[in-house]
Amino acid sequence: MNAQSLAGLPADRILKTLRTYRQGPLLTVELNLPEEGNAVGDAMLDDLLTVLDDQDPAVRVLVLAAAGEEFCLGGDRREFPRHLDADPAGGGIRVSGAKALRVCEALTANPAVTVARVQGRAVGAGVGLALACDLRVGADTATFRLPELALGVPPAWGGLLPRLISEVGVARVRELILTARVFDAQEALGLSVLHKVVPREGLDAAVMAWARPVMRRPASAVRVTKAMLNSLAAPTRLADVSVFDPELLTAILTEQRHTGTAR
């Protein structure tokens, strides 16, 4: 549900970086910085937390969508040097990383069924946001990339790595992370990064094909079933060290600042 398909609906809320649209038990949260490729910065993380923390219990399905041509081009790297200028010890990066982890955990543990609607490019943090959702549909022209290593940082954002390993498998994730190559929607489908691939004009129909039956189910049964699925997936992430993501990213970036090797 992009800006075009939602044009006839009044926005439920307009925040600095997001718009939300409410259709009964269906809530669409639209990343709304298309001129910046919907890059995730502190303002977007704050807005996402505002929406997720205040979510109406009557919401049964939450769709994470994006305005413009791209789903999300990753984290806003322009903020890293600003954070380090303000606090060379990396306090700002640490706080930002903690927010990213909270956002992704709020999507995963959300009582509603969460659906990522992906068009264009999903890069780094954009892949992380999509993976935090229960179901993921992508346009057949969508592409994906995990460029962190090529950018000189570890894949330590929002619990991305353990989620990716849990969904895809360590052998395939190793290759994607170490090469930082682009992969297309059909490969993403084969890797379970996506559950469904459709033409871009079919994205909304695909979302609704999932949403309608979910919204007809008893809310308590859906909520408990989702909690069961999350709990049963947990053993595959016994070594989940996502809590250290903010510290890892801070350590690498502060070291690069001190040694002059930042990219």
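Remarks
- Residue count, the range 101-114 (criterion: out of contact with any Leu (no Cβ under 8 Å at 6 or more places or on another chain) and assigned to a helix (DSSP H, G or I)): 3
- Check on A112, buried (at least 17 other Cβ atoms within 10 Å of the Cβ) and in contact with a helix residue (DSSP H, G or I) (Cβ under 8 Å, 6 or more places away or on another chain): no
- Counted residues, the range 91-105 - those being under 11 Å from the mean Cα position of the chain (by Cα) and open to solvent by less than 30 Å² (accessible area, probe 1.4 Å): 4
- Qualifying strands (runs of 3 or more DSSP E) (wholly inside the range 115-229; at least 3 residues being under 14 Å from the mean Cα position of the chain (by Cα) and at pLDDT 95 or above): 121-123, 135-139
- Scanning the range 230-263 for residues that are charged (D, E, K, R) and loosely packed, with under 13 Cβ neighbours inside 10 Å, we see that the one that is modelled with the highest pLDDT is E255.
- Each residue in the range 152-207 was checked for being touching a Leu at 6+ places or on another chain (Cβ under 8 Å), open to solvent by less than 30 Å² (accessible area, probe 1.4 Å) and farther than 22 Å from D134 by Cβ, and 4 pass.
- Residues that are open to solvent by 10 Å² or more (accessible area, probe 1.4 Å) and either closer than 21 Å to T143 by Cβ or of a type in the set (D, E) (or both) within the range 41-76 comprise D42, D46, D47, D53, D54, D56, G68, E69, E70, L73, G75, D76, listed in sequence order.
- Remark: pairs (first residue in the range 60-72, of a type in the set (V, I, T); second residue open to solvent by less than 10 Å² (accessible area, probe 1.4 Å); Cβ separation under 6 Å; 6+ apart in sequence or on different chains) = V61/L26; V61/A112; V61/A211; V63/T28; V63/V115; V63/R117; V63/V207.
- Selection count, the range 91-114, where residues are in contact with a strand residue (DSSP E or B) (Cβ under 7 Å, 6 or more places away or on another chain) and either at pLDDT below 95 or not hydroxyl-bearing (S, T, Y) (or both): 4
- Looking only at the range 77-90, residues that are in contact with a His (Cβ under 9 Å, 6 or more places away or on another chain) and open to solvent by 30 Å² or more (accessible area, probe 1.4 Å) come to 1 in all.
- Some residue of the range 193-201 being in contact (Cβ under 8 Å) with a residue 40 or more places away in the chain and of a type in the set (D, E): no
- Of all residues in the range 27-40, exactly one satisfies the criterion of being touching a residue at least 40 places away in the same chain (Cβ under 8 Å), closer than 24 Å to A205 by Cα and either touching a helix residue (DSSP H, G or I) at 6+ places or on another chain (Cβ under 6 Å) or open to solvent by 10 Å² or more (accessible area, probe 1.4 Å) (or both), namely L27.
- Qualifying residue in the range 74-83 (condition: among the acidic types (D, E), under 18 Å from the mean Cα position of the chain (by Cα) and closer than 28 Å to V153 by Cβ): yes
- Of all residue pairs spaced 6 or more apart or on separate chains, those with beta-carbon atoms under 8 Å, a first member in the range 12-26 that is over 18 Å from G41 (Cβ atoms) and at pLDDT 95 or above and a second member that is small (G, A, S) and surrounded by 20 or more Cβ atoms within 10 Å (Cβ to Cβ) are L26/A211.
The values are calculated or read from the model by the stated rules, or taken from the named source; none is laboratory data. Keep in mind that what you see is a predicted model, and the values were worked out from it rather than measured. Reconstructed Cβ throughout: ideal geometry from the backbone, glycine too, with neighbour counts over all protein chains shown. Areas reflect the complete protein model, heavy atoms only, side chains present, ligands, DNA and RNA absent. Shrake-Rupley method; radii C 1.70, N 1.55, O 1.52, S 1.80 Å.
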